[in-house]
Amino acid sequence: MTLHIPYIEGLDKLSLTSLDLTLEEHGAKADINRVNWPEGFPYKPACYVAAAHDGENLALLFHVRGLDLRAMETEDNGRMWEDSCVEFFVQDPAGDKYYNFELNCAGVLLACEGAGREGRLRRDASVLGAIKRYSTIEGAPFQILGDICTWSAGMLIPLRFFGAAPGQTLRANFYKCGDRTAHVHFLSWNPIDLPKPDFHRPEFFGEITLDK
C-alpha cells in the first residue's frame, strides 16, 4: 500500500483544533483496520490517521472510537503499547534501522531506533521534547471500562528525526494497539502475515511518499 502525504505550509503553528480541520480538509488519510490475528484478537476499534508535512515536520493525527480507555503511563519512554496506543514505524531511508513512535491516548510518547525488535535505543529527552504532541485526553493515569470512548492523539515529528526529506518515498506502517486494555487488539494499516502479533517487522511496511 502507498500513501501520498501532501505538503501544507505552517503546520507547526497550528493548535489541535486548527490542525484537525486542516488535515480533515487537505490531509491524506489511512485506515488502520487490518485485523491480522482474528482468531486470538478479533476486536477492531475504528481508527484512522490523517497526515501532512510542511517540509520540516510530519504531522500525524489519529482518530479512534472504541471500547474502553487505558492511560497508565505518565512519563515518556514507558510501555505505551500496553495503554490505548497509536503508533508510527518508519524505515531509515539511508540504512537498515527503523524508528518507532508510540503515543498513548494522553499524549505520552515512546520513541526508539534500531535494526530489529531487540536492543532498541530509546531516543533522548532532546528528541522527545522537540516532538509536539496533541491529545483530546487529559488526566493520566486512568482506566475506563465498559464505555464507548472517542479520542484523538497526534504528533508533529521533525523529518530529520528519521532521516527524511520532501520528495522521498519511505517504508512505514501505522498501528493501533492496546496490549493491556480490556479488549486487547492489534491493528495495522499495511497487513502483517505472521502467526502471532509482531509490529517490529519492516518487511511488512507499506510506502509513504512526502509529496513536494
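How large is the Kirkwood hydrodynamic radius of the chain, counting all unique pairs of alpha carbons, in Å?
Numbers: mean 1/r = 0.0588 Å⁻¹.
It is 17.0 Å.
When the dipole is taken about the Cα centre of segment 2-210, and only Lys, Arg (+1) and Asp, Glu (-1) are charged at their Cβ, what size is it in debye, to the nearest 20?
Details: 20 positive and 29 negative charges, 42 e Å.
That gives segment 2-210 a dipole magnitude of about 200 debye.
Are any of the pairs LYS29/LYS132; LYS176/LYS196; LYS44/LYS132; LYS44/LYS196; LYS13/LYS176 more than 22 Å apart by Cα-Cα distance, and if so, which?
Numbers: LYS29/LYS132 20 Å; LYS176/LYS196 16 Å; LYS44/LYS132 28 Å; LYS44/LYS196 16 Å; LYS13/LYS176 27 Å.
Beyond 22 Å: LYS44/LYS132; LYS13/LYS176.
Take the alpha-carbon centre of segment 103-134, take the same for segment 68-99, and report the distance between them in whole Å.
When both Cα centres are located, 6 Å separates them.
Over 22 Å apart: what share of the alpha carbon pairs of segment 52-165 falls there, rounded to a whole percent?
Numbers: 2091 of 6441 pairs.
The calculated P(r) of segment 52-165 puts 32 percent of pairs beyond 22 Å.
Filter the GluC sites (Glu not before Pro) in segment 54-154 to those in DSSP coil with at most 11 other Cβ atoms within 10 Å of their Cβ, and list the result.
Values: sites: GLU56, GLU73, GLU75, GLU82, GLU87, GLU102, GLU113, GLU118, GLU138; in loops: GLU56, GLU73, GLU75, GLU118, GLU138.
In loop regions of segment 54-154 (DSSP not H, G, I, E or B), the sparsely surrounded GluC sites (Glu not before Pro) are GLU75, GLU118, GLU138.
Any read-out appearing in this document is the output of simple, stated calculations on the displayed coordinates, not a laboratory observation. All figures in this text were calculated on a predicted structure; none of them were measured in a lab. Backbone-built Cβ (ideal geometry, glycine too); neighbour counts: all protein chains shown.
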